[in-house]
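Heads up: the structure comes next, in structure tokens.
The values are calculated or read from the model by the stated rules, or taken from the named source; none is laboratory data. Treat the numbers as computed from the prediction; the structure is a model and nothing was measured. Glycine also receives a Cβ, built like all others from the backbone with ideal geometry; neighbour counts cover every protein chain displayed. Heads up: the accessible areas ignore ligands, DNA and RNA and are worked out on the full protein's heavy atoms, side chains in. Shrake-Rupley method; radii C 1.70, N 1.55, O 1.52, S 1.80 Å.
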Amino acid sequence: PMAVQQGQDVEVILHGNRLQKIEQVLFWDEGITFLGYEPVSEVRDQHYTKMNPAKAGTAVRLKFRIAADCRIGEHYFRIRTDETLSELQSLWVSPYPCVEESHPFSDSDKKTNGDFEHAQAVELGTTVYGYSLRYRLQDHDFFKVEMKAGERLTVEMWSDCLNFFGTSDYAVGGYGPDRQRLAYSDNTSLTRRDPWLSLEAPKTG
């Protein structure tokens with residue numbers, strides 16, 4: 001994942017080259033400690049649909065300790081090996097528990113959270129990390145939360161700002177228990193192509 005929680009020990013898979021011997025991970029800010037690494041023998045393909053063997057030195061599992069008072073937001077780092085220094089990478093620190101999207105596949109796949117019936121249940125105050133499929137023009141992801149009438153729901157989606165080599169343009173909508181849309185956000189003046197919305201639940205559900 002690119003998103004990790006404050007006050008937790010986490011593991012992150014890194015893909016690259018010449019990763020046989022990592023000497024150090026250099027962070028720009030304080031709050032994240034590098035605990036070690038281990039080789040990874042399998043990685044997901046670019047469509048995130050199956051596991052493929054990983055050549056030696058091309059994938060590792062990095063282990064970090066995120067301090068409880070680590071600054072929230074993006075943290076830049078580079079990998080220093082025994083022979084080179086990597087390009088710039090980043091990790092996002094969240095104050096909330098981080099949960100993986102249960103079925104990060106396109107809408108045409110059988111196992112998916114791509115409609116109301118199969119919406120993934122999450123708790124309020126959660127960071128959900130998913131995967132943007134390559135060469136797929138559209139992917140709907142549905143999540144459901146239990147709310148009481150009068151409670152406020154705020155949703156932020158971070159996608160375009162995470163891309164080093166391209167762009168993405170998503171939208172987010174909020175629906176009630178009757179599946180009627182309550183709010184919708186596409187581009188915003190605050191985050192450009194990354195949408196956000198905030199609404200008050202009109203009814204319990």
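Here are some notes:
- Across region 73-93, the number of residues qualifying as in contact with an Asp or Glu (Cβ under 7 Å, 6 or more places away or on another chain) and open to solvent by 30 Å² or more (accessible area, probe 1.4 Å) comes to 3.
- Residue that is farthest from Glu74 (Cα to Cα) [pool: residues in region 24-45 that are open to solvent by less than 80 Å² (accessible area, probe 1.4 Å) and in contact (Cβ under 8 Å) with a residue 40 or more places away in the chain]: Gln24
- Those strands (runs of 3 or more DSSP E) of region 1-99 in which 1 or more residues are of a type in the set (Lys, Arg), in contact with a Ser or Thr (Cβ under 8 Å, 6 or more places away or on another chain) and under 26 Å from Val128 (Cβ atoms) occupy 59-66.
- Residue in region 1-23 that is surrounded by the most Cβ atoms within 10 Å (Cβ to Cβ), counting only those that are small (Gly, Ala, Ser) and at pLDDT below 95: Ala3
- Selection from region 183-200 of residues that are within 20 Å of Gly125 (Cβ to Cβ) and either aliphatic (A, V, I, L, M) or loosely packed, with under 14 Cβ neighbours inside 10 Å (or both): Ala183, Leu197, Ser198, Leu199, Glu200
- In region 7-33, the residues that are β-branched (Val, Ile, Thr) and closer than 21 Å to Cys98 by Cα: Val10, Val12, Ile13, Ile32, Thr33
- Positions within region 191-205 being on the phi > 0 side of the Ramachandran plot and modelled with pLDDT under 90, in sequence order: Arg192
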